[in-house]
1. Enumerate the aspartates and glutamates that B:Lys24 could reach by cross-link, defined here as Cα to Cα under 19 Å, with residues fewer than 8 away along the same chain left out.
2. Which helices count as membrane-span-like in chain C under these terms: full DSSP H, at least 27 Å along the axis by C-alpha, Kyte-Doolittle mean of -1.0 or more?
3. Please give every one of the lysines within straight-line cross-link reach of B:Lys374, meaning a C-alpha to C-alpha distance under 28 Å, and leave out same-chain neighbours fewer than 8 residues apart.
4. Pull up all non-local amide H partners of B:Arg475: gap of 5 or more, or a different chain, and H-to-H distance under 5 Å with H placed in the peptide plane.
5. Please state the Cα pair-distance histogram of region B:133-186 with 10 angstrom bins from zero: what percent is in each bin?
6. Just going by the charge dipole of chain C, with Lys and Arg at +1 and Asp and Glu at -1 on Cβ, which of C:Gly298, C:Gln311, C:Ala131 is farthest out on the positive end?
7. Using the Kirkwood radius over Cα pairs, work out the Stokes-Einstein diffusion coefficient for region B:125-246 at 25 °C and 0.890 mPa s, in µm²/s as a whole number.
8. May I ask you to list the lysines whose Cα is less than 17 Å away from that of B:Lys106, ignoring any residue fewer than eight positions away on the same chain?
Amino acid sequence: MGYKGLIALLGIFTLFFSCRQPKEKTLIGISFETLQTEYWVASIDALKASCEENELDYLEAVANSDANRQFEQVNNFISRGVDGIVIAPKDAHTVIPIIKAANRAGIPIVVYNRLPALNKGTYTTIVADNYEITKKTVRYMGDLARTSGKKYKAMILIGDLGDTNAVMRRKGFNDAIREYSDVIELVAEVPTEWNQEKALAGVTNALQANPDIGFIFSSSDFLFPSVISALKNADKYYPIGHEKHIILGGFDGDAMAYKMLKSGHLDVTGVQNVYYECDLALRAIMGILEDKPLDRILIDPGFIIHQQNLEQMSTYMWGAGLNSTE
Amino acid sequence: MLLKMNKISKSFGEVAVLKSIDLKLEKGQLLGLVGENGAGKSTLMNILGGLFAPSRGTMELNAEPFIPNSPNDALKAGIAFVHQELNLFTNLTVMENLFISDFPKKSMLGLSFLDRKKAIRKTDELLSEMGLSISPLAKVDQLTAAQQQLLEITKILNNSPQIIIFDEPTTSLTRYETEKLFSLIRKLKADGTGIIYISHNLEDVMLLADQIMVLRDGQLICQEDKTALSIPKLVKAMVGRDLDQYFPSRTTMPAEENLLEVKHLFGGLVQEVSFSIRKQEVLGFYGLVGAGRSELARLLYGLDPFTSGNIRWKRNKISKPSPTKWVHEGMAFLTENRREEGLMIQQSIEKNIQLAGLTKERSLGNLIPKQIIKNKVRQQANANKIKYHDISRQAVATLSGGNQQKVVLAKWLLLGPELLILDEPTKGIDIGARHEIYTLTNNLVKAGSSILLISSDIEELIGLCDRILVMSEGRLTKEFQKGSFDRSNILAAALHGQEKDEKR
Amino acid sequence: MKWILNKNMQRLLDNSTMVLFALTVLFFSLLSPEFFSFNNFFNILVQGAALAILATGMTFVLLTAGIDLSVGSIMFLVGVISGKMVVSGLPLWFAGVIVLGIGLAFGFVNALFIFRLKVIPFIVTLATFYAGRGLGLLISDTRAINLPESLLKLGSGKIWGIPVPILLMLIVVFLAYFILTRTNFGKHVYAVGHDPEKSRKAGISVNRVLLKVYLICGFCAALGGLVAISQLGAISPTFGLQSEFMAIAAAILGGTSLFGGRGSVFPGTLIGVLLIQSIQNGLVMINADPYLHPLITGSIIFLIVMIDSLQNMRRKKAKKLGLN
């Protein structure tokens, strides 16, 4: 009996305080599908930081990979009367009814990091150009190979094939590598399903089948620990300049990649400019509120970071901003 | 005196289930316990087995007070219960089943492990004592029903009990296997074990028992020496009145016209079976378990597909039989597993009865006239003498076995079938309900229908049928006409194929 | 004649996973010479070690007709906590003991809810699945944890020439095999899975059996987690995701029934694990199209489940006819 009363009291309290919240500042609702990778954590942190910088209030909600819950959470935002919504959706399809709901309420919505499957309704998408960034990264690796004057056998770690980003990165890799067919031969495509253990097993197996692989691209930096483990077991993990060094490239720009760049083991990684994207997102909302015309898709061209530009670019690299747990 | 139960009474809430029952059992004596369903046999035995405590009354075992608090207490005191439903783990081996409660152990490095060798040796001993020739390492699900039954008994004997309670042990056994069980029971008796034997089969009870105890409505009617009793006397004691005749007589004769013709039917176990049924005929099928009788019925009714053969219904060829088609044509099938196949056990009596009749009573745009159906259902339920208190709310699960069977029968009778297939219609049903079912089927035949009766009870077939066909190993082996029925000849015809098989 | 044919058919069906495994090895050996090598077999075993340990625990649970969805989360939590402890300078053995205790604690909670509050295992372990992962994410701050060299050395170390993960796997599988076939408790696991009510009547303490089974599963999950991280070198926030399904798939492939009472750790589950690993290994060896991987794994599981249900149908039919 007692606890029911307590809950009721708690409910009244929350209602009371939420009603009293002053609504002078612009209120942004931030809905994230998940916080299960560092990238998402860095993104939401950056968004919140940008809000504070621009003197905006925000509400945040994380749906734990549940599309229904995300829909509920956005509906809650709408009934709380937010002025704009930034959403990192579960997937390209489930975001569509969410967009509809926001449109009906007349609240601007920005879709972060994923392209909705249907080109309908009013929204703005912000995506990194996975294809172009990957292509740039792989071209940098290819140039390294060509200048060394040796021939290389190459391996790529592929992400989950149900994920557009993974598919675009694979496509970018394949298109870039074709330009270097004179020096690089692709011998192993390792599917990882974004799973560390599968990545470790896959790289080990590929090295077993082709011990002379000298060129590895990982579709995400977070798989690097697995790659390193496999390379170490095969006695192939050496810094740049060593004769046994393998040309390594990645994508994301996380803390691990930053550390590897610093220690000279990683040649290059493609970075999504998280800070730029977050800024873009908030600016888009402000723009819509001020009735400025806006593009449907805003693209983050990203950048690549390598040994030569490490110093100047690391301030834009989100992974460098995180204190890697050591 | 091995066991004495004094003035045992038991009530569940307001309802008195047992009223001051006395029971005596000597060493080496077999006490037959009979009574209709709901007479209180199970409750009495459950009190002895430690499952319930009596409301009043005392028990003495070997002249000492006996107060079991749990089934385990009773087991430890040497009282074993062979339930109708076997308590075997079919996923384990014979040996594992025998020792599941307590394996022989050996210790190694201070830890104790199963002593497999010892367990296998002991299993071999126990099995050969029982005359069972199966491997200790055979999985139980590969044994026949009879072997499983005997294994269950072996398991119980392993604890060398003083008293064994058998609850309907022969329902899943063929006659031949039953004989084997009986000789075992006689041997146990000779060794001084006290036995309580519960069965609806009065002939078996008369054959085995030294004394017979009759219960009716929770009251002790009598416990007397067998020599002072006879089957009619027992029946009277159980039912409380004389049944005019065990099998009610029927005056109608089969017509000349064939209703159903089956030619060269193959499928599954069934090998080239041909027969026909005339209008108003009762045709019996006899055979051992696994002879293919139920399979034949299933093929005929379209529950399993047949590979080749020819079925004619009123001279029309039926190429693809299916239950829907047959219900429409007027054929009904009362299956052997009424609980699993014939009834929706949690639904009301009314819902169950109207199930098959629905398809025929459609009118006006396929709507079912509710009130007409309701009345018909009630009439049929009363005609079948189903004992219920609320036809539209009471779940079938709450009825006794005999009444459940009457519900299934009512379901099909509502349809007014021209041919009714009955598969073991009186299995596990008490004598009163049995008599009512016989009367019902006779009335059906008088009204012009035919019946195909599958039964393992030869007396039942002889008492009801116009003709009996005997099956063995999926084939028809012999046909008997009314007037030349002979128990031992029929049994011989059924065993014929079996013996051949064993010699091979 | 027909019976002989049926018996051979039956034998083939009984050993379907074994046959499939042999065919897989043959197939890849023909296509890739590197596949059929001593080194590669070691690779397959090392890569399968964590899964085998996990699936062994899962087999115990499945045998009682239960399921444990929390194993992947236990793995993750164990990884995070041991990682944090080792990184902060605590000795390796100490971290190991603590996290194995955590695995046991999860098993205890699962079992407690299942038999005290009579909640079905699926729901209970789904709750602990979320709780475990949530706790892990909270502790790790959703950051990857990089592990020190010492742990990696352990993962790639050898004793008597046998890699440590393989050794651990063999010990676990052997112990489980021994427990299931040679102890009272083992037999009780099968009995409870077949019918808890009958088990109770036979004097078996069903609750105690369930408790032990979930403790074993939790312990195996923790140990499997340790074996996995000792090879990975880092714990990402997605570590252990869907491991429960891999473990269940391996056990089912090895012939363990989802309905309880049937199955074995050896050869059963071990073969299931080896089959999964060899297929993954072989597909990389021959550099198959990445889209083929899930397709092939899926169809193999489908095939095995089909064989299993075929078996079930036979069993039922045999029972109905009362034949042997």
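1. B:Glu60, B:Glu64, B:Asp167, B:Asp191, B:Asp210, B:Glu224, B:Asp225
2. Once both thresholds are applied, what remains is C:38-63, C:92-116, C:121-140, C:206-232, C:292-321.
3. The qualifying lysines are B:Lys325, B:Lys351, B:Lys360, B:Lys385, B:Lys387, B:Lys406, B:Lys411, B:Lys446.
4. B:Gln271
5. Per 10 Å bin, starting at 0, the Cα pair percentages come out as 21, 55, 24, 0.
6. C:Gln311
7. Taking Rh from Cα pairs, D becomes 152 µm²/s.
8. Qualifying lysines at Cα under 17 Å: B:Lys117, B:Lys118, B:Lys122, C:Lys187.
The values are calculated or read from the model by the stated rules, or taken from the named source; none is laboratory data. Note that this is a predicted model, so its numbers are computed, not measured. Cβ coordinates were reconstructed from backbone atoms using ideal geometry, including for glycine residues, and neighbour counts include every protein chain displayed. We work out accessible area using only protein heavy atoms, side chains counted, and drop any ligands, DNA or RNA first. Shrake-Rupley method; radii C 1.70, N 1.55, O 1.52, S 1.80 Å.
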